[in-house]
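To start, the structure under review is shown below, and the notes come after it.
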Amino acid sequence: MTTNTLIPSLDHKGEIPAYVAKPEGAPRGTVIVVPEIFGVNPGIVSKADDWANKGYVAVAPDVFWRQEAGVELDHDVPEEMTRALSMMGAHDFPAGLDDIRALIAWAHARNPGDKVGLVGFCMGGLIAYQAAARTDIDASVGYYGVGLDGLIGEAGNIKGELLLHIPTADAFTSAEQQKAIHAGLDSVPNVTLYDYEGLGHGFAETKGSRRDEAGAVLADARTVEFIAKFVG
């Protein structure tokens, strides 16, 4: 079952629009699906539905709702890509992380005792790291997160489990930044890093010009195993 839901924000300044997909039986846990800078578009809806089909409650929040609710953009349309980058530049990250906390609380209220995971892409990959370091989430997965090298100092705050997928040809994360990420995180026991040689940013998108089929299938299989182990 799928629904569009409004979840109260922590600052009481509005409600977070979210796409929610539910499994047929008792859920194994909850997976928060944090989109790229393109909103809850058909690709993200498909990813949420896949998690529901695997037995989880999947919730995909509209991360840009404070700027403009309901925005759906396409990487392959140049004007929409420009708009997406602009919206990311104006994003209120502290308020956005509070939205993640609100979603975690919402999940725990609906299914007490169940664990909560998060899977994020691009900006959502950055949010996955922030959630791991700054919230009580059980497990986070980041695909091609941006700006992670600037957050290495927070690694000691990670209480749950964190998995990061790093494409080595990511135009938004240089080789030097990737080296810094490995230097800071390789020795952290509850952090797992996977490199994808020669692949670029967005390689695991559901469909579109950036998708690499073999890389996406491998990364997604690792994510499913990780979520099953640490969420349920």
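Could you figure out which of (1) in a loop (DSSP other than H, G, I, E, B); (2) more than 16 Å from PRO61 (Cβ to Cβ) isn't true of SER86?
Against the list (1) in a loop (DSSP other than H, G, I, E, B); (2) more than 16 Å from PRO61 (Cβ to Cβ), SER86 comes up short only on (1).
So, GLU72, is that one closer than 17 Å to GLY124 by Cβ, touching a Cys at 6+ places or on another chain (Cβ under 9 Å) and either surrounded by 13 or more Cβ atoms within 10 Å (Cβ to Cβ) or among the small types (Gly, Ala, Ser) (or both) or not?
no
Can you name the residue in region 138-165 that is among the β-branched types (Val, Ile, Thr) and open to solvent by 10 Å² or more (accessible area, probe 1.4 Å) and, of all such residues, is nearest to ASP212 (Cα to Cα)?
Per the criteria, the residue is VAL146.
Scan region 183-192 residue by residue and report those that are open to solvent by less than 40 Å² (accessible area, probe 1.4 Å) and not in a loop (DSSP other than H, G, I, E, B).
The answer is GLY184, LEU185, VAL191.
Show the residue pairs that are 6+ apart or on different chains and have beta-carbon atoms under 8 Å apart, the first residue being within region 98-122 and under 20 Å from PRO27 (Cα atoms) and open to solvent by 10 Å² or more (accessible area, probe 1.4 Å), the second being assigned to a helix (DSSP H, G or I) and aromatic (Phe, Trp, Tyr).
The qualifying pairs are LYS115/PHE230.
From VAL71, VAL20, VAL59, VAL31, which residue is touching a Phe, Trp or Tyr at 6+ places or on another chain (Cβ under 6 Å) and at pLDDT 95 or above?
Checking each option against the conditions leaves just VAL31.
Please indicate, with yes or no, whether at least one residue in region 118-127 is at pLDDT 95 or above and farther than 20 Å from GLU36 by Cβ.
No: zero hits.
Please find, within region 1-14, the residue that is modelled with the lowest pLDDT out of those that are farther than 16 Å from GLY39 by Cα, open to solvent by 50 Å² or more (accessible area, probe 1.4 Å) and in a strand (DSSP E or B).
THR2
Test LEU193 against the stated conditions and say whether it is touching a strand residue (DSSP E or B) at 6+ places or on another chain (Cβ under 9 Å) and over 21 Å from VAL59 (Cβ atoms).
yes
How many of the residues making up region 38-68 are closer than 19 Å to ASP98 by Cβ and of a type in the set (A, V, I, L, M)?
Summing the residues that are closer than 19 Å to ASP98 by Cβ and of a type in the set (A, V, I, L, M) in region 38-68 gives 4.
Look at region 75-94 and say how many of its residues are surrounded by 19 or more Cβ atoms within 10 Å (Cβ to Cβ) and either of a type outside the set (A, V, I, L, M, F, W, C) or closer than 19 Å to PRO23 by Cβ (or both).
1
List every residue pair whose Cβ atoms lie under 7 Å apart, where the two residues are 6 or more positions apart in sequence or sit on different chains, the first residue falls within region 196-221 and is assigned to a loop (DSSP other than H, G, I, E, B), and the second residue, located anywhere, is of a type in the set (A, V, I, L, M) and surrounded by fewer than 16 Cβ atoms within 10 Å (Cβ to Cβ).
Qualifying pairs under 7 Å: GLY198/ALA169; LEU199/ALA169; GLY200/ALA169; GLY200/ALA171; HIS201/ALA171.
Test ALA52 against the stated conditions and say whether it is in contact (Cβ under 8 Å) with a residue 12 or more places away in the chain and among the aliphatic types (A, V, I, L, M).
yes
The values are calculated or read from the model by the stated rules, or taken from the named source; none is laboratory data. Nothing here was measured: the structure is a model prediction, and the numbers come from that model. With ideal geometry, Cβ positions are generated from the backbone for all residues, glycine too; neighbour counts draw on all protein chains shown. Quick note on the areas: whole protein, heavy atoms, side chains included, nothing else; ligands and nucleic acids left out. Shrake-Rupley method; radii C 1.70, N 1.55, O 1.52, S 1.80 Å.
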